[in-house]
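One structure below.
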Amino acid sequence: MSESDQTRAGFVAVIGAPNAGKSTLVNALVGQKVAIVSAKAQTTRSRVMGIAIYGNAQILLMDTPGIFEPKRRLDRAMVAAAWTGAQDADLILFVIDASAAGRSHVQRIVKDLESRKHPLIVVLNKIDLVKKADLLTLAADIAGRLAPEQIFMISASQGDGVDDLKQALAEILPAGPWLYPEDEVSDATDRMIAAELTREQIYEQLHQELPYSAAVETESWEDRPDGSATIHQQILIERDSQKGIVVGKGGSRLKAIGAAAREEIARHLGRPVHLFLHVKVNPRWGDDRGLYREIGLDWAD
Ligand SMILES: Nc1nc2c(ncn2[C@@H]2O[C@H](COP(=O)(O)OP(=O)(O)OP(=O)(O)O)[C@@H](O)[C@H]2O)c(=O)[nH]1
Ligand SMILES: [Mg+2]
């Protein structure tokens, strides 16, 4: 086998501050949606693997929750999941929102990465929002402090620079057999993805603290003889007073969340979906071990 026939495969941990564009980038590299995205910070709650292929390389991208100063148990579990993802990887991909690079939690991650053991690629994202001169200053600062293998300037949402980055990742990964079937794009089960797609609508359609106080669980799933799926999900919220907001006037908000989520889930599955949403108040869902397991998080003490 010649050198160019040699397959490559490896894990890339995609880390960064909340809202940097990590999940957007993972979706862009994979070429389809495997991770949910929102304009609000702290959207991703657990590690999700997206699988991208470039030439002979299988790039296993670990999307991780944003790294910030955790307060609640859920926050601690999320940040722990991000750093564990980084430890397990062959390469760290550090995504920085170039328009918000001065923020304290970004600077904190830079500091933490100074003593890393892993090879590092830095991505300056959202270049569509930043002046070229500022971008070059930022790149020089990061190069001086972290000495990464490479720095890329991209726009994940517009696709600029994504292909060059993908090629670089493919070239840096170790030689070895592919670790997943070639048609697989994610390690998440359909049950998990369906719950995430409903949660994405909660981030999209509800505001203030509500998305952060909500979790979604797929309760039951029935594949029907006509090829459709009947899915029941529970939206867990922390307080009685939040119920009215989620349900809306005459049930209108819950209906809109359900309609949009159903469409997304049906697109993901490639078949019709009947989606039933139930709202349940549970002030202690953030302390429910079973739910952590369901969403793929380790319990944090
Ligand atoms: N202008 C611009 N916006 C972007 C770009 N990439 C991502 N975004 C937006 O940034 C917001 C956050 O994107 P996400 O992909 O959810 O960010 P994340 O880093 O995964 O966030 P967490 O999961 O909360 O840590 C969304 O509104 C995206 O549409 C970009 O290149 N340019
Ligand atoms: Mg995310």
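Listed values, structure above:
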{"read-out": "Among the residues listed as Arg72, Arg8, the single one being open to solvent by 20 Å² or more (accessible area, probe 1.4 Å) and in contact with a strand residue (DSSP E or B) (Cβ under 7 Å, 6 or more places away or on another chain)", "value": "Arg8"}
{"read-out": "Set Ile96, Ile121, Ile127, Ile92: member being of a type in the set (A, V, I, L, M, F, W, C), open to solvent by less than 60 Å² (accessible area, probe 1.4 Å), away from ligand 2 (no atom under 15 Å from the Cβ) and under 16 Å from the mean Cα position of the chain (by Cα)", "value": "Ile92"}
{"read-out": "Residue list for region 95-147, restricted to those being in contact with a strand residue (DSSP E or B) (Cβ under 7 Å, 6 or more places away or on another chain) and of a type in the set (Gly, Ala, Ser)", "value": "Ala98, Ala139, Ala143"}
{"read-out": "Test result for Ala35, within 8 Å of ligand 1 (Cβ to nearest atom), surrounded by fewer than 18 Cβ atoms within 10 Å (Cβ to Cβ) and over 19 Å from Asp301 (Cα atoms)", "value": "no"}
{"read-out": "Condition broken by Gln58, with the remaining ones in (1) within 15 Å of Leu91 (Cβ to Cβ); (2) surrounded by fewer than 24 Cβ atoms within 10 Å (Cβ to Cβ); (3) within 12 Å of ligand 2 (Cβ to nearest atom) satisfied", "value": "(3)"}
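The values are calculated or read from the model by the stated rules, or taken from the named source; none is laboratory data. These figures come from a predicted structure and were not determined experimentally. Glycine gets a Cβ as well: all are built from the backbone with ideal geometry, and neighbour counts include every protein chain shown. Surface areas here come from the heavy atoms of the whole protein model, side chains and all, with no ligands, DNA or RNA. Shrake-Rupley method; radii C 1.70, N 1.55, O 1.52, S 1.80 Å.
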